[in-house]
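The values are calculated or read from the model by the stated rules, or taken from the named source; none is laboratory data. What you see is a predicted model; the values in this text were computed from it and never measured. We place every Cβ from the backbone using ideal geometry, glycine too, and count neighbours over all the protein chains shown. Note: areas computed on protein heavy atoms with side chains; ligands, DNA, RNA excluded. Shrake-Rupley method; radii C 1.70, N 1.55, O 1.52, S 1.80 Å.
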Amino acid sequence: MSQVRKDLIHNDLVLSLQESWDLLSIGATDRHSPLHTPAVATVTRDGAPSQRIMVLRSVDKFRRQLRFNTDRRVSKVSDIGHESAISVLGYHPGAKVQLRLSGKAAVQSTGPEADAAWQQASLYGQRCYLADPAPGSPLAAPGSGLDPAIEGVRPTPEQVIPARANFAILLVEVETIEWLYLAHAGHRRARFRWNAADRQWDGSWLVP
Ligand SMILES: Cc1cc2nc3c(=O)[nH]c(=O)nc-3n(C[C@H](O)[C@H](O)[C@H](O)COP(=O)(O)O)c2cc1C
């Protein structure tokens, strides 16, 4: 991207918001994008922050929605059951843009969206959800939690059938986007809040 175009984007709230969604959308589809694996933070029952890396699976700008896949037995799912507040953080070194999103999370293990996400997952991806006992359970010895018979091999569609019961989608409804652009000449920072009453993003500049 030319410097002139960068300057145009980074001094314009509408274009900066557009860039944020563009980077997220590319992050979902391009596994080489640094935004493909953002940090996702929930709040535990004790009120402590808890973060982990997740693969960003899809982005819907118009529904303000991000989708991740997960095992419904993990701790983030129980965090969300207690407190739906969620934060997603990523940095794109090429674009020199940090994105910090906040919103509300919901977990769905059944329904058309979860079914579609399951169908899109590869057999290797589906195999992750066969872990028994559940991810996060203590182990007496090092191990993957998978049956040794399917470790290191491509599972058959029949073998992954039981995994479907453990699979869930984690949907984030984005409520704020904080965009930070790093530049020698002077950084730029903007915050966008979803204004539900007017159905629009309200943006404002912040000191970086
Ligand atoms: C590159 C990378 C990608 C990951 N993708 C996911 C993912 O898409 N979904 C997921 O639940 N966990 C994913 N994990 C594992 C999580 O970071 C985490 O260890 C696991 O989900 C347990 O999290 P929890 O106990 O905090 O819920 C990924 C880890 C790495 C390093």
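Structure notes:
- Candidate set: segment 133-145, residues that are without any contact (Cβ under 8 Å) to a residue 12 or more places away in the chain and either open to solvent by 70 Å² or more (accessible area, probe 1.4 Å) or of a type in the set (Lys, Arg) (or both); chosen: the one nearest to THR44 (Cα to Cα): PRO138
- The condition of being without any contact (Cβ under 8 Å) to a residue 60 or more places away in the chain, over 30 Å from SER16 (Cβ atoms) and open to solvent by 60 Å² or more (accessible area, probe 1.4 Å) holds for only one of PRO208, PRO148, that being PRO148.
- Failed criterion for ARG189 (all others in (1) free of Cβ contacts under 8 Å to residues at least 40 places away in the same chain; (2) more than 21 Å from LYS76 (Cβ to Cβ); (3) surrounded by fewer than 12 Cβ atoms within 10 Å (Cβ to Cβ) hold): (3)
- Taking segment 1-114 as the region of interest, the helices (runs of 4 or more DSSP H) fully inside it that hold 3 or more residues being touching a residue at least 40 places away in the same chain (Cβ under 8 Å) and within 13 Å of the ligand (Cβ to nearest atom) are 75-82.
- For segment 52-90, a residue qualifies if it is buried (at least 17 other Cβ atoms within 10 Å of the Cβ) and of a type in the set (Phe, Trp, Tyr), and exactly one does: PHE68.
- LEU130 farther than 30 Å from TRP201 by Cβ, at pLDDT 95 or above and loosely packed, with under 11 Cβ neighbours inside 10 Å: no
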